[in-house]
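K.L.:
The structure follows.
The values are calculated or read from the model by the stated rules, or taken from the named source; none is laboratory data. Small disclaimer: the values here were computed from a predicted structure and weren't measured. Cβ atoms come from the backbone with ideal geometry, glycine included; neighbour counts cover every protein chain shown. For accessibility, only protein heavy atoms count, side chains too; no ligands or nucleic acids. Shrake-Rupley method; radii C 1.70, N 1.55, O 1.52, S 1.80 Å.
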Amino acid sequence: MIAILPWLLLLQQGVPQATATVSPPSGDTVGYWQQRADYRAAVVLDEPAQEMHGKATLTYVNNSPDTLHEMRFEQLLNAFRPGSRWSAADEREGRVRFQKLKDPDYAYERFTARPTVNGEPVTVTYPFAPDSTIARFDLPHALAPGDSVLVFLQWDARPSATVYRRQGRKGRHYDFSQWYPKVAVYDRGGWEAQPFIPNGEMYGEFGTFDVMLNLPSDQVVGATGVPIAGDPGWEKAKSWGEVHLARDAYDAMGPGDTTLPAAAPGRKIVRFYARDVHHFGWTVDPDFRYEGELYRGAIPIHALITPAEMPKLGHGTFVKWNEHALEFLEQIYGPYAYPQLTGLIRLDPGATEFPMMAMYGDPSEGTVSHEVGHIYSYGMLANNEWREGWMDEGLTSYQSEWRIRRTPQDFAEGAPRPQAPVATGYRAHAHEMSPYDRGRMQLYDADLIGRAQAPEPPGYRFNEFNIYQMAVYSRGDLLYGMLRDMLGDSTFTAFLHDYYARWRFKHVDELAMRASAERVSGRDLGWFFEQWVHHTGLVDYALADVRTTRDGEGWRTSARLVRRGEYRHAMPVGARTAAGWTIARGDPMRDDQWVEIHTAERPLDVRVDPLHSTEDWDRRNDVKNGVVALDGRSTMFVPDWPFLAQSDRDRQLVAVGPKFWYTGPGGLTSAVRLRSSYAAVGDLAWYVRELGVGVSAQVPKGAPGIEHLHGWLSFANPQPPFFSRPLVGVTAGVWLLDGITKAEIAKAWDLSPFLYSNGPQIGLRVGLDATHPYDTRWLDFSRWQPANVYDANADFSWSARRPGTLRVRARGFAGLTRDVGGGTTHVFERIEGELSQVGTFGAAHAWTHRLRLFGGASHDAPLQRSIGLSSLDVTDTYGNDFVRGRDALFGRPDVHFLVPGGAGLRGYSPLVRVDRAAAVNGELARTVVKEREKSLVPGVEAVVFGDGAWARLPSSSAGHIFADAGVGLLARDQLWDRSITLRFDVPLYVRDPELAAGGAPGDDRVKLRWTFSFADLW
Ligand SMILES: [Zn+2]
């Protein structure tokens, strides 16, 4: 059930959801309300017990129009322990973090006394038990609108040790990003109290935090808020800059009397005060170094750096990064509205935002830019990160790229584009996309293969963590870029200013943001947010036609712009003259339109999205081509360098190369092959086509001259006419080679539950195959029967999630055969299954064992679709030029070449076919040469193997025992972009020596024999 659930949830995605749970229907602040939560807390850090003891009063004001009968709290530290929903999510996605932690390593947060409400004790329950991240209690008396209650809380809390997530403890370092019973938000949607899981972050009520920390006196502390009393330890730890405590940042009306109670010997009390915050985080470490500065002469920046990070971040570097981030943020939003900014180093890698503060693992300037950005979008503009993570994560991702001018919109304005590192050696021949383009393409690919999810759903409805991240961060990032592209820089910045001015210190939602963008731009943007937030899809517009006419003194270009992708955009169309690009924009509401561009000179080029400022994914259709696409704008021809993968983002790439093979009847055949593809990333490429033409040096006696010629045409992920997207997983082809025609169409599905998380890998492929020998003089009758064969086949595979190594595969065939030149048609079937397992053992995993069980049965199968005792059938290996034709180079009896498969008895000849088989294959391998990356030295294993089978030859009615054993060498290497396997085996023992590869009647069972192959059975 747990695996099915996400799929059901996915199906529900089409239903539009009301996400405006915060802003009133106007999207404006008129009629907006939010609750108020003021905490006064006293905390004692008990280092010997590795926990903190807390007491707090919460003054909770019900500003809602509703009468409340209960209260809900978050105890988020309880996520980081066995039994939590967080741990269940990790378990489902194959991650091991907190689910196996034992005491004292796991985290907790537990009440040490019953909370009281206005002095009356209440009973806490956990509605999502065994998860205890959400607590609730009934209010002793209903809380009317406008009324308030005083809640008293007493609890202990401990971060996790050994594994961290935002929080953690190690030695004397404690990261208390979560630590107190945090009242859940009550907004227009009611109580927003979700169990804490990896797919989601924070949402909190605004209020004042007045926190008294009782610490060992040598601790150095960083926190949300201003240290209004007591010594945070900064002066003593200072290594650069100045300490500005800004104790008077708040007027005396807030903190009141700042006299501290007396601390025990060896301890100190530090009091932090923060207003207009919805969370409070703190960290202590006695080894922290302090660096600080006054930003704009007014706002202290506090940096707390661990000694290990000092070389990288010290001497003001970290402080400056914070300052640069603030400078940019003040430009795009408006003045920073908190009285301090703290950045500190924590245990967990990555980084997390809190109001006035961010915690970092090992930050770069980009990370600092991102997290400080969050103090605006999340801190002051507080969206619900459970429901609408795209609002802050997308925006901070975008603005941190924007600050360093690395967004497509900045490139369009002339910022330098990221360049690919210059390739050297042989690889320098390859034509490759930049890593930047590749990253973009990977994002689009997730959508093209149907795995993307819209940013809309609440975190718990995402199928896996990386897809959540992709939706919330990356798709959110694209959204803001496309909005900026459409609105222009000044309107986009004006929108951010309006949004900040209006909504600062409030909860925000999609409607609030959209209304702000609409107000400032004067445009309806409902469609824009609807598509980007609530639907998956891609942007793709095509240039369908271009007409250029004289227009008075100048020229008028009419460009026909046609929408192909699901998403709409005010698409730029440009005409280029010597003066550069002149750009006009289409109407996003129209799917087929003429866009007019006026230029002084006659345009040299016309193109959709000429500056690549949009997310138009398919650039092949951005130009209008003549009949032959040879002008280089949409197609580029390159040499097909062996072992190199090539790709291009702007054009279809056609790799041209020669191909040669040998057959007895044809002699040497020389062919030219054209392989075209678009935007290939790894194994995934779009619109893949291959066209080949070959000529043989000779023809069989008596054959018409046309048999000199061979040819083929094949497709993968093609886009047929009238389809707006490529057909994912579809392959098709027709080959006329060496006297045999083959036609094939197949569709493959990746049924794995996760694309990125650690889960089982499940694949299904169904296909239709037809083979037809068009001239039997080319045929090797020991491999091909002179018959036309048509079959439907299916191939299912499953492999276990890591570290499991079990693999299951099943194949089935059903078809018809009919002898060439007439004869009866008959039906055949074949079914086979295999189970295999590979494992390593010994020091440095030097030893590997491999096991395989195989079972197969066929009925009336023709030779070309029969089960091999050692090898795949020749329909499967048709594409291999070395074995296809009669007397092909590796098909000759004196060349003992195998394509391992079938029952896998590698001592036997590939010509031995069976119609029943049950086999077991096993081997033990030891690594003798370790494969080294980026070197031509292959990894080599020495192998001892043995195989046994009960199988039946088609000629006999009884089964027979077959067996072999021997030694071998297995070499693997990565040659640039291709991995190569070479196996050389010596089957010293073959039970039926006359059936061995190269065997003859009278041979001994034990004999020196050899075989080789370019693949492995496992
Ligand atoms: Zn973020």
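K.L.:
Which pairs have Cβ atoms under 6 Å, sit 6 or more apart or on different chains, and link a residue in region 386-397 that is farther than 16 Å from PRO355 by Cβ and hydrophobic (A, V, I, L, M, F, W, C) to one that is within 11 Å of the ligand (Cβ to nearest atom) and part of a helix (DSSP H, G or I)?
P.N.:
Close Cβ pairs satisfying both conditions: TRP390/VAL472; TRP390/GLY476.
K.L.:
If you don't mind, another one. So GLY207 passes all but one of these: (1) in contact with an Asp or Glu (Cβ under 7 Å, 6 or more places away or on another chain); (2) open to solvent by 10 Å² or more (accessible area, probe 1.4 Å). Which condition number does it fail?
P.N.:
GLY207 satisfies every listed condition except (2).
K.L.:
Take the residues in region 447-483 that are more than 15 Å from the ligand (Cβ to nearest atom) and among the acidic types (Asp, Glu); name whichever of them is farthest from THR536 (Cα to Cα).
P.N.:
GLU464
K.L.:
Sticking with this structure for a sec: Can we say ASP894 is surrounded by 19 or more Cβ atoms within 10 Å (Cβ to Cβ) and assigned to a loop (DSSP other than H, G, I, E, B)?
P.N.:
Criteria not met by ASP894.
K.L.:
Let me ask something else about it. Hey, does region 383-397 have a residue that's within 13 Å of the ligand (Cβ to nearest atom), assigned to a strand (DSSP E or B) and touching a His at 6+ places or on another chain (Cβ under 9 Å)?
P.N.:
Yes, some residue in region 383-397 is within 13 Å of the ligand (Cβ to nearest atom), assigned to a strand (DSSP E or B) and touching a His at 6+ places or on another chain (Cβ under 9 Å).
K.L.:
Could you please let me know if HIS429 is of a type outside the set (S, T, N, Q) and within 16 Å of the ligand (Cβ to nearest atom)?
P.N.:
In short, no.
K.L.:
Here are some residues: TRP555, TRP617, TRP594. Which one is among the aromatic types (Phe, Trp, Tyr) and closer than 30 Å to ASP977 by Cα?
P.N.:
Step by step, each of TRP555, TRP617, TRP594 is checked, and only TRP617 is among the aromatic types (Phe, Trp, Tyr) and closer than 30 Å to ASP977 by Cα.
K.L.:
What do you reckon, is ALA846 exposed (fewer than 15 other Cβ atoms within 10 Å of the Cβ) and aliphatic (A, V, I, L, M)?
P.N.:
Criteria met by ALA846.
K.L.:
Suppose the filter is open to solvent by 10 Å² or more (accessible area, probe 1.4 Å), away from the ligand (no atom under 14 Å from the Cβ), touching a residue at least 60 places away in the same chain (Cβ under 8 Å) and in contact with a Phe, Trp or Tyr (Cβ under 7 Å, 6 or more places away or on another chain); does ARG417 pass it?
P.N.:
The answer is no for ARG417.
K.L.:
Specify which of the listed residues (ASP973, ASP977) is in contact with a Leu (Cβ under 6 Å, 6 or more places away or on another chain), over 30 Å from ALA861 (Cα atoms) and surrounded by 13 or more Cβ atoms within 10 Å (Cβ to Cβ).
P.N.:
Exactly one of ASP973, ASP977 is in contact with a Leu (Cβ under 6 Å, 6 or more places away or on another chain), over 30 Å from ALA861 (Cα atoms) and surrounded by 13 or more Cβ atoms within 10 Å (Cβ to Cβ), namely ASP977.
K.L.:
Also: Being at pLDDT 95 or above and among the hydrophobic types (A, V, I, L, M, F, W, C) is the filter; apply it to region 362-390 and report the residue that is nearest to the chain's Cα centre (by Cα).
P.N.:
TRP390
K.L.:
Whether any residue in region 185-202 is in contact (Cβ under 8 Å) with a residue 40 or more places away in the chain, within 16 Å of the ligand (Cβ to nearest atom) and either open to solvent by 40 Å² or more (accessible area, probe 1.4 Å) or not in a loop (DSSP other than H, G, I, E, B) (or both) is what I want to check.
P.N.:
No, that holds for no residue.
K.L.:
Hey, another quick one. Kindly indicate whether any position in region 741-762 is modelled with pLDDT of 95 or more, open to solvent by 50 Å² or more (accessible area, probe 1.4 Å), within 20 Å of VAL672 (Cβ to Cβ) and over 23 Å from the mean Cα position of the chain (by Cα).
P.N.:
no
K.L.:
In region 987-998, what residues are at pLDDT below 95 and closer than 29 Å to LEU835 by Cβ?
P.N.:
ALA997
K.L.:
Give all pairs with beta carbons closer than 9 Å in which a residue from region 345-361 that is within 12 Å of the ligand (Cβ to nearest atom) and of a type in the set (S, T, N, Q) meets a residue that is open to solvent by less than 10 Å² (accessible area, probe 1.4 Å) and in a strand (DSSP E or B); count only pairs at least 6 apart in sequence or on separate chains.
P.N.:
THR352/ALA358; THR352/MET359; THR352/TYR360
K.L.:
Which one of these is β-branched (Val, Ile, Thr) and in contact with a Phe, Trp or Tyr (Cβ under 7 Å, 6 or more places away or on another chain): ILE980, ILE961?
P.N.:
Result of the check over ILE980, ILE961: ILE961.
K.L.:
Same structure, new question: Would you pick out the residues in region 487-511 that are open to solvent by less than 10 Å² (accessible area, probe 1.4 Å) and over 13 Å from SER377 (Cα atoms)?
P.N.:
PHE492, PHE495
K.L.:
Condition first: in a loop (DSSP other than H, G, I, E, B) and touching a residue at least 24 places away in the same chain (Cβ under 8 Å). Now tell me which residues in region 420-432 satisfy that.
P.N.:
ALA430, HIS431, GLU432
K.L.:
Another question about this same structure. Tell me, which strands (runs of 3 or more DSSP E) lie completely within region 232-315 with 1 or more residues that are within 30 Å of VAL183 (Cα to Cα)?
P.N.:
Fully inside region 232-315 and qualifying: 267-277, 282-284, 299-305.
K.L.:
Taking the conditions exactly as written (open to solvent by 10 Å² or more (accessible area, probe 1.4 Å) and without any contact (Cβ under 8 Å) to a residue 24 or more places away in the chain), does ARG550 satisfy them or not?
P.N.:
Yes, satisfied.
K.L.:
Is it the case, given these coordinates, that THR342 is buried (at least 17 other Cβ atoms within 10 Å of the Cβ), under 28 Å from ASP276 (Cα atoms) and away from the ligand (no atom under 16 Å from the Cβ)?
P.N.:
So THR342 passes the test.
K.L.:
Right, next: List, please: which pairs have Cβ atoms under 8 Å, are six or more places apart or on different chains, and start with a residue in region 366-381 that is within 19 Å of VAL508 (Cβ to Cβ) and more than 8 Å from the ligand (Cβ to nearest atom) and end with one that is basic (Lys, Arg) and open to solvent by 10 Å² or more (accessible area, probe 1.4 Å)?
P.N.:
Pairs that qualify, where the first residue is within 19 Å of VAL508 (Cβ to Cβ) and more than 8 Å from the ligand (Cβ to nearest atom) and the partner is basic (Lys, Arg) and open to solvent by 10 Å² or more (accessible area, probe 1.4 Å), are MET380/ARG504; LEU381/ARG504; LEU381/LYS506.
K.L.:
Has region 676-698 got any residue that is touching a Lys or Arg at 6+ places or on another chain (Cβ under 7 Å), farther than 27 Å from HIS431 by Cβ and modelled with pLDDT under 95?
P.N.:
The answer is no, given that none of the residues of region 676-698 is touching a Lys or Arg at 6+ places or on another chain (Cβ under 7 Å), farther than 27 Å from HIS431 by Cβ and modelled with pLDDT under 95.
K.L.:
Only one of (1) surrounded by 16 or more Cβ atoms within 10 Å (Cβ to Cβ); (2) within 26 Å of the chain's Cα centre (by Cα); (3) within 25 Å of ARG689 (Cβ to Cβ); (4) among the polar types (S, T, N, Q) fails for THR771. Which number is that?
P.N.:
Among (1) surrounded by 16 or more Cβ atoms within 10 Å (Cβ to Cβ); (2) within 26 Å of the chain's Cα centre (by Cα); (3) within 25 Å of ARG689 (Cβ to Cβ); (4) among the polar types (S, T, N, Q), the lone unmet condition for THR771 is (2).
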